[in-house]
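The values are calculated or read from the model by the stated rules, or taken from the named source; none is laboratory data. Fair warning: this is a prediction, and the values are worked out from it, not measured in the lab. So basically every Cβ, Gly included, is an ideal-geometry build from the backbone, and we count neighbours across all protein chains shown.
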Amino acid sequence: MLFLAWALLPIPLKKAVRNGFHEFQVPSWEALSWGRDLQNFWAGRANRHSELISQGRDLARLNGAFRLQVMENESLRQELQRMEALLDLPPRPRYRYEVARVTHRQIGTWWHEMVVRKGRDDGITEGNGVVYAGGVVGKVQKVYEGTSIVRLVTSPGFRMPATLHGQTQPLFIQGLQHGSIGKPTGRVRNVPISSNVTPENPGYLVSTSLGQVFPNGLHIGKVEHLEQSSNGLFREGTVQFPSELYNLNEVAILVPLPSTTKTALKRN
Amino acid sequence: MHLRRHIPLLVALIANNILWLILTELNHYLSVWSLYILTPALFVLYPALNLSYRKGLLVSLLTGLLQDSALPLSSNGFFTLALPTLHLITFRLRDKLHREGGLDTVLLLQVVNLITLMVLTALLSPSQLGGLSAHLLALILQILLSQLVILVTGNYFLGLQRRLGKVFFKEVREEEAPAT
C-alpha cells in the first residue's frame, strides 16, 4: 500500500519533500562543520609563537610573488581583450570565485560528492564549476538556499572536456570508481593516436573553456599510460587525480560573470 | 498525558536522527580512503521490536526520507521504501526475537543490512564505468565495515533507545500490535 502511494505521488511533490528534509538537516551539518573549524582554531592556537612567526614570514613572501603575478595577469588580460576586439572574437567567459567551506564529504563506491556552505543566496547555480588550489574539483550538482552539492570529477557518470597540456585537441574525462582505496581516478577518452605518454613522461590534463564551465588551463590530473580504444581511432587511459581531492576542506565555486569585454573596450 | 504516549516514538525519531548525524561525520573522515558506511537495518531495529506497527512504520518512513534527501539517489529514493520494508520484515519476526536484543537480533540485523546494501549496489552499478568488477575490492571492504559497525553498535543502540524510552515515560509498556 505504502509502495503504491509513494509510486503514485507526483515527482514535483517528491522533490519538494526531499528539499524540505534536506533543509531540515542543514543546520546540524553546519554545526558539525563549525565544530571542526573551531577544533582547528584551537589546535592552531596551541602553536608556538616562533612557529607562527616563521609561517607568517613564508606567507608574506608568497603574497609578494602572487601580487606580481596578479599585476602580470591583469596586463595580459587587457592585451587579450584588445586582441579579441581587433579580431572580433566572441568574449571569453569570466568568473567570480565564491570560496566555500566543505560541510561534509560523501565519498565511497556508491557516490562521490561533497556538501558546501554556499548556495542560492550566494548566486550559485546548478552546473557551476568547482575548483581548489590544485585544480578542478567537480561541478555543482544541486543548489539549496544556503548549501550546494558538488559532484566530484571522480564521480561515476561525471564527464568534462579537457586537453593535454600543450595541445589543443579536445578529449573528455569520465569519473571512475577504482578498486584501490583512497586513490582518485578517472578515464580519459578521445586522445589522439599521435599522443604518447609514459610513466617517466606523463601527460598532464588541463581544463578547456569548451564546456563553458571552467576556464582554460586548470590542472585536472595526469595520465601515464594510454591504450588503443575499441574503435581504433583514438587512445584512452586511466587518469590519476591529485590525492588531496578526497581531503578538501575549502573549495571555490566559479560563478560566471556577464561578459564585459566589449563594453570595456568601447569605453576605452 | 496524550503527548506522553508518543515519547517512545519521539525517542526513536531523535535517536535515528542523531545516529544519522554521527554516521555522516564518520563518513566525512572515511572519505579520505573513499569509504562510506551505511547501516539501514540499525534504524529500524527499535521501532520494529518495541513500537506498534503504525508508529514503527512512521519512524522508518521519516528516517528513510531523511536519508534519501542527503544522498544522491533518484527522486523516487531508495531508503524511503527500503526502511519500511526492513521494518515490516523485522516486525513480522519480532515474536521470535528478544526485544532487548541478543544473538538472534544481531544475526537478523546482519542479514537484512547485507541484503539492503547488495540491492543498493545492484541498483547503482549499471551507471558506473567498468561495472561492479572495477571496484569490487573497495565495495567488499565498505560492506564489511558497515557490517562491523552493526555488530559492534547494534545491541548498544537498541538498549540505549529502550532505556531512554523508560526514563522519559515511566509507564512504558510494550506495544504489542498484531503483525498485519
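Just so you know, in segment A:114-149 the residues that are within 11 Å of chain B (Cβ to nearest Cβ) and part of a strand (DSSP E or B) include one that is surrounded by the fewest Cβ atoms within 10 Å (Cβ to Cβ), and it is A:K142.
Would you mind finding the one in B:I89, B:I140, B:I115 that is at pLDDT 90 or above, over 19 Å from the mean Cα position of the chain (by Cα) and part of a helix (DSSP H, G or I)?
Details: B:I89 fails: over 19 Å from the mean Cα position of the chain (by Cα); B:I115 fails: over 19 Å from the mean Cα position of the chain (by Cα).
Of the residues listed, the single one that is at pLDDT 90 or above, over 19 Å from the mean Cα position of the chain (by Cα) and part of a helix (DSSP H, G or I) is B:I140.
Taken as a whole, the condition of being over 16 Å from the mean Cα position of the chain (by Cα) and in a helix (DSSP H, G or I) does not apply to B:P72. Restricting attention to segment A:33-53, the residues that are touching a strand residue (DSSP E or B) at 6+ places or on another chain (Cβ under 8 Å) and either facing chain B (nearest Cβ under 10 Å) or of a type in the set (A, V, I, L, M, F, W, C) (or both) total 1.
Which of the following residues is surrounded by 13 or more Cβ atoms within 10 Å (Cβ to Cβ), at pLDDT below 90 and more than 29 Å from the chain's Cα centre (by Cα): A:L2, A:L52, A:L80? Just one listed residue meets the conditions, A:L2.
Across segment A:188-229, the number of residues qualifying as surrounded by fewer than 19 Cβ atoms within 10 Å (Cβ to Cβ), under 17 Å from the mean Cα position of the chain (by Cα) and either of a type in the set (S, T, N, Q) or modelled with pLDDT under 90 (or both) comes to 7. Among the conditions (1) out of contact with any Gly (no Cβ under 7 Å at 6 or more places or on another chain); (2) within 8 Å of chain B (Cβ to nearest Cβ); (3) within 25 Å of A:G217 (Cβ to Cβ), A:G108 misses just one, which is (3). If only residues of segment A:1-32 that are in contact (Cβ under 8 Å) with a residue 12 or more places away in the chain and more than 9 Å from every other protein chain (Cβ to nearest Cβ) are counted, the one that is farthest from A:Q141 (Cα to Cα) is A:E30.
Taken over segment A:175-196, the criterion of being facing chain B (nearest Cβ under 9 Å) and either aromatic (F, W, Y) or in contact with a Pro (Cβ under 8 Å, 6 or more places away or on another chain) (or both) is satisfied by A:G175, A:L176, A:Q177, A:P184. Count of segment B:27-75 residues, restricted to those that are touching a helix residue (DSSP H, G or I) at 6+ places or on another chain (Cβ under 7 Å) and either within 7 Å of chain A (Cβ to nearest Cβ) or polar (S, T, N, Q) (or both), is 16.
Among the residues of segment A:95-118, is any over 30 Å from B:Y29 (Cβ atoms) and out of contact with any helix residue (DSSP H, G or I) (no Cβ under 6 Å at 6 or more places or on another chain)? Yes; the residues of segment A:95-118 include at least one that is over 30 Å from B:Y29 (Cβ atoms) and out of contact with any helix residue (DSSP H, G or I) (no Cβ under 6 Å at 6 or more places or on another chain).
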